[in-house]
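Accompanying notes for the structure given below.
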Amino acid sequence: MSRVLVIDPITMKGGSKVATLDALQSWSGMNTLQVLTSTPDAWPGAQIVNQTWIPRSEHPSGLAYYAQLIWHALLVSWALIWTRPSIVVGASTPHVDAGAMFAAKLFGKRYVQFVHGPAPDTKLTRIGLRWAQQVFALKTVELAQQPDALVRFNNGINAKKISPITPDAQGILWAASNMPWKRLDVMIQASQNLDSPITIACLPVNEDDKERLPMQLPKAQWAFDPPNLDELRRQRSIFVSTSEREPFGLSILEAMTAGLCPVIPADGAYWDQRLKDGEHCLKYTLGDAESLEKTLQRALSNPERTHTIGNNAKEFSQQYSLENAFSPLHQALDQLMSEAA
């Protein structure tokens, strides 16, 4: 049985952490999961090693980037001495997890790199992809080079963690961070004239962001990093995504699993390619608030059709079970451990 140490230098919560946690916790070959992180509540069930990360700047460069890398490497080295893991996991992308990669290499530990989003084509990215004993990358993510030990995957979901919507569910839910590419501004503009309950579950990038958000929306309920997101979701019948070209979109899958009707942009991204407009979802023009408003008005005016689409989406989501999604990753981890035995 393996002791796994996850390195999480990202100061925000998000779907990538949920996916990494589900992938590892569903692996039968692991008996201990420990995480070096500054967001311990994003890793339920794991042992938290340390919470003293220096927050990452949004786009570190030059000396600031290398100073950050060295600091991460020192912290990870301390954690390796303290925890003695069998496997070290980088939970973001190679250029972000470079400090963890160098520490694992120094201590002779097996290193696994997750890639949940775009990774810039840099020397460190290429080194990370080459040095990792195993790379797990979303199928939609383009890599600077193709590692020998590469497993492509789609995210899965633990349906037991998602409550179905209530029989009287109504209204709209938007749930994401307020990073620019999530396009909260489109949701706000499209919501001005809607006669419907709206819940905006927002994960601010930092505390100052709250003061800049236009919270004067008719019938809107704001929730910042809500611990009861599951309860908020089950009270609504429509889920809106305004994100631009999500690599996957775990929040959309969560909404589908609960039985909400997904409203998504026609942007060529993962769910746009897989869901049929009018059958599993409703689509609108990417970045167009007027198009989104009209789509939401149609959904609100015909709740029976919206409910049917939600049921179809729920049925479609069943193919994204943890077993279906992560069994290739578990097989690769088993192989990695057997080679080291």
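The values are calculated or read from the model by the stated rules, or taken from the named source; none is laboratory data. The model shown is predicted, which means the values in this text are computed figures rather than measured ones. With ideal geometry, Cβ positions are generated from the backbone for all residues, glycine too; neighbour counts draw on all protein chains shown.
Side notes on the structure shown:
- Under the condition of being crowded, with 20+ Cβ neighbours inside 10 Å and within 15 Å of residue 260 (Cα to Cα), the residues counted in region 187-198 number 1.
- Top-ranked residue in region 240-263 [being more than 13 Å from the chain's Cα centre (by Cα) and within 22 Å of residue 153 (Cβ to Cβ); ranked as surrounded by the fewest Cβ atoms within 10 Å (Cβ to Cβ)]: 245
- Residue check, residue 223 under 17 Å from the mean Cα position of the chain (by Cα), at pLDDT below 95, in a strand (DSSP E or B) and surrounded by 16 or more Cβ atoms within 10 Å (Cβ to Cβ): no
- Residue in region 114-137 that is β-branched (Val, Ile, Thr) and crowded, with 23+ Cβ neighbours inside 10 Å present: yes
- Residue count for region 186-220 satisfying the condition of being acidic (Asp, Glu) and either under 15 Å from residue 297 (Cβ atoms) or at pLDDT 90 or above (or both): 1.
- Looking across region 228-264, the residues that are touching a residue at least 40 places away in the same chain (Cβ under 8 Å) and out of contact with any strand residue (DSSP E or B) (no Cβ under 9 Å at 6 or more places or on another chain) come down to 230, 231, 234, 259.
- Inter-residue pairs, beta-carbon under 7 Å, first closer than 21 Å to residue 337 by Cβ and in region 129-145, second in a strand (DSSP E or B) and among the charged types (D, E, K, R), 6+ apart: 133/110; 137/152
- Across region 158-184, the qualifying residues are those that are in contact (Cβ under 8 Å) with a residue 60 or more places away in the chain, in a helix (DSSP H, G or I) and of a type outside the set (Lys, Arg), and the one among them that is surrounded by the most Cβ atoms within 10 Å (Cβ to Cβ) is 159.
- Of the residues in region 264-278, at least one is touching a Leu at 6+ places or on another chain (Cβ under 8 Å) and buried (at least 24 other Cβ atoms within 10 Å of the Cβ).
- From the list 327, 291, the one residue that fits, being in the same structural domain as residue 30 (by TED's automatic domain parsing), out of contact with any His (no Cβ under 6 Å at 6 or more places or on another chain) and among the hydroxyl-bearing types (Ser, Thr, Tyr), is 327.
- Hey, residue 274 at pLDDT below 95 and among the basic types (Lys, Arg) or not: no
- Candidate set: region 99-121, residues that are in a strand (DSSP E or B) and either under 16 Å from residue 153 (Cα atoms) or aromatic (Phe, Trp, Tyr) (or both); chosen: the one farthest from the chain's Cα centre (by Cα): 111
- Breaking point among (1) modelled with pLDDT under 90; (2) crowded, with 22+ Cβ neighbours inside 10 Å; (3) not hydroxyl-bearing (Ser, Thr, Tyr), for residue 90: (1)
- For residue 309, the conditions (1) crowded, with 16+ Cβ neighbours inside 10 Å; (2) out of contact with any Asp or Glu (no Cβ under 8 Å at 6 or more places or on another chain); (3) within 23 Å of residue 166 (Cα to Cα) all hold with the exception of (2).
- Extreme residue, farthest from residue 21 (Cα to Cα), among residues of region 122-139 that are touching a strand residue (DSSP E or B) at 6+ places or on another chain (Cβ under 9 Å) and either hydroxyl-bearing (Ser, Thr, Tyr) or not in a strand (DSSP E or B) (or both): 131
- From the options 321, 317, residue that is surrounded by fewer than 19 Cβ atoms within 10 Å (Cβ to Cβ) and in contact with a helix residue (DSSP H, G or I) (Cβ under 9 Å, 6 or more places away or on another chain): 321
- Candidate set: region 22-64, residues that are surrounded by 16 or more Cβ atoms within 10 Å (Cβ to Cβ) and under 20 Å from residue 128 (Cβ atoms); chosen: the one modelled with the lowest pLDDT: 56
- On inspection, residue 151 fails the criterion of being in contact (Cβ under 8 Å) with a residue 24 or more places away in the chain, on the phi < 0 side of the Ramachandran plot, crowded, with 20+ Cβ neighbours inside 10 Å and not basic (Lys, Arg).
- When 287, 268 are checked against the criterion of being farther than 24 Å from residue 20 by Cβ, touching a Ser or Thr at 6+ places or on another chain (Cβ under 9 Å) and either part of a helix (DSSP H, G or I) or of a type in the set (Gly, Ala, Ser) (or both), a single residue qualifies: 287.
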